[in-house]
Amino acid sequence: MYNVLQDLRFALRQLYRAPGFALTAIITVALGIGANVIVFGVVQGLVLRPLNVPHGDRVMTLESKDRAVTFTYPAVRDVRDGNSVFSAVGADGIMSFGLEANGVARAVWGFEVSDQYFDVLDIQPFLGRLINRADNDHPGAAEVVVLSWPAWHGYFNSDPNIVGKTVRIDKHPYTVVGVTPQGFYGTERFVQPDIFVPLANEAQLEGIDWLESRSDTHVMAVVLLKDGVTPAQAQPDLDTIAGRITRQHPKEEEKLSFKLARTGLAGDFLGSPVKAFLAGLMVLAGIVLLAACANLGSLFAARTADRAKEISIRVAIGSSRWRILRQVITEALVISVLGGACAWLLASTALTSLADWTPQRGSPIHFAIVPEPSLILASFLISILAGILFGIMPLRQIFNADPNEAIKGGGGQAVAGRRWALRDILLAAQIALCCVTVTAAFVALRGLGKSLTMDLGFKPENAVLTKFDLSQAGYSPDAIDHFQRQILERAEQLPAVEAAGYSNTTPLDIDQTTMGFFPQDATDFRLSNKAFDAPFYDVSPGYFKAAGTPLLEGRDVSYADTAKTPAVAVVNREFVRRLFHSDHAVGRYFKNSSGKLKQIVGIVGDGKYSFISERTQPVAFFPIEQEHDNGTTLVIRSRIDANTMAASIRKLIRDSDPAVPLQQSGSWSSQLGLQLLPAQTATVALSLFGAFGLLLSITGTFGLASYSVSKRLRELGIRVALGAQAKQVLSAALGRMLILLGTGSVVGIVLGVAASRLLSAIVYQASAQDPFVLVAVVLTMVLTGSLAVAGPVRRVLHINPANLLREQ
């Protein structure tokens, strides 16, 4: 213990004497380990950690074998009543509500939950009780609501007497019966609901009764496996139930299937891409850590070479080489522990910021990622391993130290720079690894650029969206139509408004609905006979002009298209191609899944509707006067700033009826946040890794270049004294460094191109073979290398041989 303490004191003295080296090394460790701890924290929060409920490892999500995660409620109920492997089966559906309390109306997100939903989770309420079987006994059995802990804390100021009080949900009085425990965010890790209401009340709250429908897939299902039952053992039971339902309801449920998936990321629907994305990030984080270790190994090897005379003297007077190595490793461990502490602070700050971040205002998306205490242990262990790894790099130098050189006063200048050393190989490896991270960063930037500039089928620039649901304010269907028309007319009169319209929702919004479409002569409307599924929208006249969607043929919908006139539709070009195998179909007919005949009166351009990364798909637009929808998204195209126009629209709606809760209001571009989230996340993450890689490359190259120049100053001075030109001196001093930079960069670019498949799992439309990416990487590495060697080059060019020889 005395020797260990002595080594520790010696290491601290050495670092104190070389503050520049110590600071560089600690920052390098903090960057390398911090990147890994951040990624591991996200993986732990979203993938590894079980759901925060008593039996989280046994709570599973039902999904179909094609990864669909929504089912009809009767199908979920059949699973509940017909299985022998689950302790409980619950259903939930996310929905936007109008919550009115304390004189304030606000739009909130919540879950409609079935009788066994909280039985599956087996959590205890923070206050009161949770929704139970009696609340879902029959439609309207109980108008009760359970608040989430964040909603109780934020909207009701943590009122301890909240249980028993009445709030209004969509203008209906509901009694608060409980508050969920702190830290419970529902069954999906990326959604934070504010309230929970009985699923039996969906007709009252939504205005549509689909509880007994076998064609409306509105709910997700969570199950609690019986103790000792594995997912594989439960699968035969699920297959039997699915087969029985299919036989009993061949028209509606003909392709029904069930399988179990991890809860938290909408089963494998989001789970698979998220896991692929995080796996790619972990590989890149590992590359950054390896580059950091190579950097530090190079610095320690150079530092040990600089102390060669000291080490030789210590060996000459009887010191053990193992003791010297132990002191070097102790110094490395001190640096790694200090760097690990900084890495933990960096990771904790980043993860806390991520947990507080909302990608799109008015959406329920919230990442329940909390820095766990285990991350401290992870950062400490990685620090120790990294410290040992780069601490043993000078092993060969220490054991080859020759005490005779110290006795003779030699410093090794005669051979300095003539042999390839371990530090040279480490630097080349580090540059190659950093080049991979830089390539990934430019691939992400390129992918984000493509996402921002692609043709969406509409023009979000200079457009403002204001979204609200009039049923949340208690409007009847006739009153909804009147209010929508009234708001549109008033909005059209505002200054600077170029076009205005509204729809039930908009492309790329999270609230998307699809239906099956059939040829005109179809008589059998089973799912297997449909031509295709496609999104559909209910739109007002003027919507296409306001949205910037080009009308290619035919006409727009009009107010003359009412429930008393023939049903019509406007479709996109892909719809026509798939159904009629032609580019022209104005005047032709098709049927929807309910068998209603509709005539095509217009054709618009193709676009993106559900996801930015989707292939071209068909879509239909129906006159809102014929379909009637309480959901309203007002689209305003104007010549003034979007925020100013959004404020004017909000005031207009408040003046018309202050009880209408607004779900979203702002520029259309800002409300595409969820769709751009994957590209933005990838760009930010990979750009940070690229920045880390560049910093490591600069510090490593600068350190080794400075060391090479300092060790060969006498030789370079003699060359200058003998008449060598500046070009020759630079070639002698830094020629090897340039070879290492070039070799490492070439290898790194080749590895980046080879990693295109991995990058494609992270970035949409990723390609490291893009000429823009390749040119950007080459220019970046040239600039990085130039910055790194600028200081040593200046020192070489200002060598004064007379001063050097006089000092020697």
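The values are calculated or read from the model by the stated rules, or taken from the named source; none is laboratory data. All values derive from a computational prediction rather than experimental measurement. A quick note on method: Cβ atoms are made from the backbone with ideal geometry, for glycine too, and the neighbour counts reach across all protein chains shown. Heavy atoms of the whole protein, side chains included, go into the accessibility calculation; ligands, DNA and RNA do not. Shrake-Rupley method; radii C 1.70, N 1.55, O 1.52, S 1.80 Å.
So here's what we get for this one:
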| item | result |
| --- | --- |
| Shape of segment 609-650, Cα gyration tensor, a/c cut at 1.5 | oblate |
| Cα Rg, Dmax, segment 209-274, angstrom units | 13.7, 38 |
| Listed values (i) 187; (ii) 149; (iii) 205, entry calculated as volume of the Cα convex hull per residue in Å³ | (iii) |
| For segment 548-608 and segment 100-143, distance of Cα centres in Å | 41 Å |
| Qualifying aspartates and glutamates (Cα of each under 19 Å from Cα of residue 165; at least 8 residues distant if same chain) | 100, 135, 143, 194 |
| Principal axis box of segment 52-115, alpha-carbon based, largest edge first, Å | 48, 27, 22 |
| Considering only segment 140-286, percent of DSSP beta bridges that pair antiparallel, nearest 5 | 60 percent |
| Estimated inter-spin distance, residue 319 and residue 227, nm [label 7 Å along Cα→Cβ] | 6.3 nm |
| Apportionment of accessible area to carbon and sulfur, segment 179-320, percent (1.4 Å) | 57 percent |
| Listed residue (786, 466, 534) projecting farthest to the positive dipole end of the chain, Cβ model | 786 |
| Reach of residue 251 by Cα under 16 Å, taken over lysines that are not fewer than 8 positions away in the same chain | 530 |
| Radius 12 Å from Cβ of residue 239, net charge of other residues (Lys, Arg +1; Asp, Glu -1) | +2 |
| Contour excess over end-to-end distance, with Cα ends at residue 528 and residue 656 and 0.36 nm allotted per residue | 41.4 nm |
| Computed helical MRE - 222 nm, the chain, DSSP H runs ≥ 4 contributing -39500 (n - 2.57), nearest 500 | -16000 deg cm²/dmol |
| Net charge contributed by nearby residues that have their C-beta within less than 13 Å of residue 439 (K/R +1, D/E -1) | 0 |
| Relative contact order %, the chain, counting alpha carbon pairs below 8 Å whose residues are six or more apart | 16 percent |
| Total formal charge among the other residues, if their Cβ is under 11 angstrom from that of residue 99, Lys/Arg +1 and Asp/Glu -1 | 0 |
| Label-point separation in nm, residue 272 to residue 356, each point 7 Å along Cα→Cβ | 3.7 nm |
| Cα-based Rg of segment 488-600 normalised by 2.2 N^0.38 Å, two decimals | 1.17 |
| For segment 548-655, alpha-carbon Rg and Dmax in angstrom | 16.4, 50 |
| Cα gyration tensor category, rounded, prolate or oblate, for segment 112-236 with a/c compared to 1.5 | oblate |
| Accessible area per residue in Å² at 1.4 Å probe, computed on segment 543-587 | 48 Å² |
| Segment 3-114 - percent of accessible surface contributed by carbon and sulfur, probe 1.4 Å | 57 percent |
| Area accessible to solvent at residue 218, 1.4 Å probe radius, in Å² | 80 Å² |
| Estimated FRET transfer efficiency (residue 309, residue 13; beta-carbon r; R0 30 Å; 0.05) | 0.95 |
| Probe 1.4 Å, protein heavy atoms only - accessible area per residue of segment 476-536 in square angstrom | 47 Å² |
| Cross-link pairs beyond the 20 Å C-alpha cut-off, checked among 226/275; 467/591; 275/608; 65/255 | 226/275; 467/591; 275/608 |
| Probe 1.4 Å - accessible area at residue 174, Å² to nearest ten | 0 Å² |
